[in-house]
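The values are calculated or read from the model by the stated rules, or taken from the named source; none is laboratory data. Remember, it's a predicted structure, so these values are computed and weren't measured experimentally. Because the Cβ atoms are built from the backbone with ideal geometry, glycine has one as well, and the counts that use them run over all protein chains shown. Keep in mind that these areas ignore ligands, DNA and RNA; they rest on the heavy atoms of the full protein, side chains included. Shrake-Rupley method; radii C 1.70, N 1.55, O 1.52, S 1.80 Å.
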Amino acid sequence: MIIFLSSCGTTNNDSDNDRNNAIKLSGSFTAGQHITFVESLMNIFTKKVYALKKREDTKALICLVANQAMLERHVKEVPEVAYDIMDLATKPTTIVFDEPIGIASNLVAEDNTLAIRVASDKFCQYLINKFRKPIVSTSANISGNPTPKQFKDIEEEILKGVDYVVNLPEENINPSPSSIIKLSNDGQVKVIRE
């Protein structure tokens with residue numbers, strides 16, 4: 001497991017060693033206010049996040065991909081409107097897609113869907129590209145407790161439940177949750193969270 005001190009912000013020379021160490025490790029990390037699982041396509045790591053968060057494994061997690069090409073490798077059919085949504089979004093936007101491919105079974109919802117967001121942060125993109133596969137993200141809190149707005153708000157139990165901290169500057173204070181939009185292959189569009 002890996003934990004980041006703040007948002008997945010732009011790296012500087014001081015954090016180069018942290019970035020390189022992070023790439024060597026597998027498990028989970030917090031990206032500011034989010035816990036992300038590297039090597040998440042293996043069921044064992046997704047079980048760790050559910051246990052750490054004390055969350056039922058029936059509640060889906062989201063995956064982060066580095067770019068649209070990686071998205072296309074993990075979704076059977078990307079509806080055309082998804083590209084417009086990603087291009088026009090003014091805040092982080094997670095899209096729920098039908099028929100995910102090559103994803104750990106305990107990440108796929110009962111209706112055979114998966115929530116995916118293309119990472120816009122350079123550090124996150126760098127990590128995802130180094131791992132060559134999606135990573136999984138969720139808020140850095142115990143299920144049912146308030147979502148931390150800053151690193152200092154992350155519960156001690158969460159901090160102690162991970163193995164590594166990457167020291168990045170805190171850049172994203174008081175972030176808002178991503179929008180969530182469900183796109184069905186039959187053309188239906190449903191806004192789950194604005």
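Quick notes on this structure:
- Among the listed pairs K47/K122; K152/K182; K47/K160, those beyond 24 Å (Cα-Cα): K47/K122; K152/K182
- Residues with amide H under 5 Å from that of I116, placed H, sequence gap 5 or more: C63, I95, V96, F97
- Computed over protein heavy atoms with a 1.4 angstrom probe, the accessible surface ordering of D121, D186, largest first, is D186, D121.
- Dipole of the stretch 102-157, positive end: most advanced residue of Y126, T147, I116 [Cβ charges, Cα centre]: Y126
- Across the accessible surface of the stretch 58-97, with the other protein chains kept in place and a 1.4 Å probe, carbon and sulfur atoms take up 53 percent.
- 3J(HN,Hα) along the stretch 70-78, derived from phi through the Karplus expression 6.51 cos²θ - 1.76 cosθ + 1.60 where θ = phi - 60°, amounts to 5, 4, 5, 6, 10, 9, 4, 9, 8 Hz, with x in place of Gly and Pro.
- Estimated distance in nm for a label pair at A51 and Q188, the labels positioned 7 Å out from Cα along Cα-to-Cβ: 3.6 nm
- Sorted largest first, extent of the stretch 59-194 alpha carbons per principal axis (Å): 44, 32, 31
- Only protein heavy atoms count here; on that basis, with a 1.4 Å probe, R55 has an accessible area of about 40 Å².
- Note on the stretch 113-166: semi-axes of the ellipsoid equivalent to its C-alpha gyration tensor, largest first and rounded to whole Å, are 23, 15, 11.
- Residue-level accessible surface for I180, protein heavy atoms, 1.4 Å, Å²: 30 Å²
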